[in-house]
Amino acid sequence: MRDLNKEIKTDPFFEARRYVKNAHDALRDHGKLNTETGRYEDPKYVKAAGHYLWSGVLIALEAAFHVEEEKKKRKGEDTRASVDNDIIDKCETLMAA
């Protein structure tokens with residue numbers, strides 16, 4: 001029996017294929033295909049499927065081009081540091097006066 005969690009962690013192409021399958025399943029199960037026009041009627045699931053596909057493509061491209069994942073900064077980390085420095089500067093100016 002295959003250990004899927006181990007395979008996903010070691011094979012990014014397997015994970016990318018899983019994203020594509022999730023996109024297909026989202027449209028198949030919830031997309032509400034109009035058989036007359038051949039179009040999906042529920043934009044929510046079309047957008048979700050597009051997001052799943054795009055994420056899978058990015059995972060596959062990162063693996064193909066050996067892109068190392070950078071350490072992600074927390075949201076607002078740079079802004080917070082900048083604001084803290086501004087506050088310190090203003091406090092020093094007020095204290096010097």
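The values are calculated or read from the model by the stated rules, or taken from the named source; none is laboratory data. Everything numeric in this text was worked out from a predicted model, so none of it was measured.
What are the residues in the stretch 5-39 that are outside any helix (DSSP H, G or I), at pLDDT 90 or above and of a type outside the set (D, E, K, R), if any? Once the filter is applied, which keeps residues that are outside any helix (DSSP H, G or I), at pLDDT 90 or above and of a type outside the set (D, E, K, R), the stretch 5-39 yields only Thr37. Scan the stretch 40-72 for residues that are assigned to a helix (DSSP H, G or I) and of a type outside the set (A, V, I, L, M, F, W, C) and the total you get is 10.
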